[in-house]
Amino acid sequence: MKTVVEYLSDLVRIPSHSALSNRPVTDYAARVLRAAGWSARELPYRDAAGTEKVNLVAAPPGQDASERDVDLVLMCHTDTVPYAADWARALDPLIAGGMLHGCGACDVKGFLACVLAAVSAGNSSRPAEGLRVVLTAEEEIGCIGAAHLAADHVLRPRRMVIGEPTSLAPARAGKGYSLAEIVVSGKEAHSAHPGQGVSAIFNAARLIAKIEELAAQLERDRNGFFDPAFTTLNIGTIEGGTAKNIVAGSCRFQLEWRPIPGQPTDSVLLSVTELITHLTATHSGFHAEIRPVRQQPGFETPADAPLARTMEALSGKRAVSIPFGTEASVFAPLAEEAIVFGPGDMRTAHSSRECVPVKELDEAVSIIGSLVRST
Ligand SMILES: [Zn+2]
């Protein structure tokens with residue numbers, strides 16, 4: 001039996017950015033789980049590029065991994081984001097200053113290592129009935145593996161703990177994530193004769209100014225458990241035009257919004273569609289199309305939900321909200337209670353600063369161990 005640091009070091013050494021097959025990670029975890037007497041059920045699929053991806057559902061000794069209605073799922077993704085070429089030790093874990101550094105150290109191989117250590121720890125008390133460890137593929141590119149599990153009705157959990165770095169605070173609410181692409185079309189012309197064309201960039205600017213007003217309106221609908229307390233939106237990229245002396249024929253931009261729980265994921269989409277309809281009616285030559293790319297709802301588990309209380313008691317920390325998207329947006333609608341929890345701080349993730357405090361790894365092993373053995 002290995003220590004949590006050894007499990008995590010092994011996992012960091014496995015390259016696992018989302019484009020690769022995640023099978024080496026699920027195979028590693030399945031080996032550890034099976035050595036502890038667990039059964040593991042593979043649910044493979046092919047991604048858009050034809051690469052094999054594996055979701056894994058594992059059950060404790062004596063329990064059936066194919067049962068759909070279960071009590072408690074510990075869910076964890078197996079992919080990481082790609083790392084920068086100049087991060088020499090991305091896959092070569094380094095322990096320094098009480099931190100383990102490496103790609104995936106906190107997002108989210110740290111949590112996976114803690115689950116493996118907790119499950120394989122020699123403990124006389126049996127895991128609770130209806131417990132599952134579920135590993136997913138392709139979370140970082142849109143929770144695709146989790147969406148497969150939900151669409152195939154593989155699991156209907158009563159309670160879920162989803163691994164993501166929260167510095168060991170139980171997160172009981174998270175905003176959703178939605179993304180759309182907007183293309184504004186105009187008509188190219190020599191810039192000395194603008195009247196012969198329609199500037200897609202000027203028209204995009206008209207629409208963007210309206211979207212900024214919409215952002216201000218969204219601040220009225222508030223959920224005080226979040227900071228900021230309202231749905232935020234952002235135009236993160238814009239591109240258009242071909243040359244300084246050509247009236248721009250096309251301009252496209254990406255609009256992202258993070259809805260507070262309870263707000264429909266498409267409310268901004270519908271509002272922007274209305275703005276486009278209005279501008280089309282009032283400005284001759286205005287033409288724009290909006291295409292939804294992603295729509296993930298937020299989630300909120302009540303403050304007095306038993307799982308929230310249990311995780312607060314085990315961690316010694318008050319429940320928090322998280323500003324980032326997680327697989328809770330896929331599974332919270334199916335589960336009665338969902339909590340996001342794990343060692344490390346998301347502010348180090350997705351960068352060459354990624355690390356996890358070794359002390360938090362040890363604490364998480366004991367918290368997870370208590371959770372899976374409590375009834
Ligand atoms: Zn993650």
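Here, each number is a calculation from the coordinates, and none is a lab measurement. What you see is a predicted model, and the numbers here were worked out from it, not measured in a lab. Methodologically, a virtual Cβ is constructed for each residue, glycine included, from the backbone with ideal geometry; neighbour enumeration extends over all protein chains shown.
How much length is gained if the chain between His190 and Ile95 is pulled fully straight, taking 0.36 nm per residue apart and subtracting their Cα-Cα distance, in nm to one decimal?
That pair, His190 and Ile95, stretches by 28.1 nm at full extension.
What FRET efficiency do you get for Glu336 and Thr273 if R0 is 41 Å and r is their Cβ-Cβ distance, rounded to the nearest 0.05?
The formula returns an efficiency of 0.75 here.
What per residue convex hull volume, in Å³, comes out for the chain when only alpha-carbon positions are used?
Residue-normalised Cα hull volume stands at 147 Å³.
Only Cα pairs within less than 10 Å get springs; with that Gaussian network setup on the chain, which residue of Lys109, Lys359, Lys175 has the largest fluctuation?
Lys359
Taking the radius of gyration and the Kirkwood hydrodynamic radius from Cα positions alone, what is the Rg/Rh ratio for the range 226-375, to two decimal places?
Expressed as Rg/Rh, it is 1.12.
With +1 on the Cβ of every Lys and Arg and -1 on the Cβ of every Asp and Glu, and nothing else charged, how large is the dipole of the range 268-313 about its Cα centre, in debye rounded to the nearest 20?
With only Lys, Arg, Asp and Glu charged at Cβ, the dipole is about 180 debye.
Under the rule a/c < 1.5 gives rounded, and otherwise a/b versus b/c splits prolate from oblate, where does the range 74-144 land using the Cα gyration tensor?
Note, shape of the range 74-144 comes out oblate.
Per 0.36 nm of contour for each residue apart, how much would the distance between Arg41 and Ile235 grow if the chain were fully extended, relative to their Cα-Cα spacing?
65.7 nm
Say R0 is 51 Å: what FRET efficiency, to the nearest 0.05, do Arg126 and Ala49 get from their beta-carbon distance?
With R0 = 51 Å, the Cβ-Cβ based efficiency is 0.75.
If the only charges are +1 at each Lys and Arg Cβ and -1 at each Asp and Glu Cβ, what is the size of the charge dipole of the chain around the Cα centre, to the nearest 20 debye?
It works out to roughly 140 debye.
May I ask for the angle, rounded to the nearest 10°, between helix 358-373 and the longest principal axis of the chain, with both axes built from Cα atoms and the value confined to 0 to 90°?
With both axes taken from Cα atoms, the answer is about 70 degrees.
How far apart, in nanometres, would the label points at Ala19 and Arg347 be if each is projected 7 angstrom from Cα along the Cα-to-Cβ direction?
Taking the simple label geometry, Ala19 and Arg347 are separated by 3.1 nm.
Pick out which of Ala19, Ala349, Ala49 has the largest mean-square fluctuation in a Gaussian network model of the chain, springs linking Cα atoms closer than 10 Å.
Ala49
Round to a whole angstrom and tell me the spacing of the C-alpha centers of the range 268-306 and the range 1-45.
39
Report Rg(Cα)/(2.2 N^0.38 Å) for the range 123-226, keeping two decimals.
Normalised Rg, Cα atoms only: 1.87.
Under 19 Å between alpha carbons, and skipping anything fewer than 8 positions from Lys109 in its own chain: which lysines qualify?
The reachable lysines, counting only those whose Cα sits under 19 Å from Lys109, are Lys2, Lys53, Lys359.
Normalized C-alpha radius of gyration of the range 167-245, against 2.2 N^0.38 Å?
1.63
Towards the positive end of the charge dipole of the range 111-231, with charges on Cβ (+1 Lys, Arg; -1 Asp, Glu), say which of Leu179, Ala200, Val161 has the farthest Cα.
Of Leu179, Ala200, Val161, it is Val161.
Take the range 1-155, compute every pairwise Cα distance, and split them into 10 Å bins from 0; I just need the percent in each bin.
11, 41, 34, 12, 1
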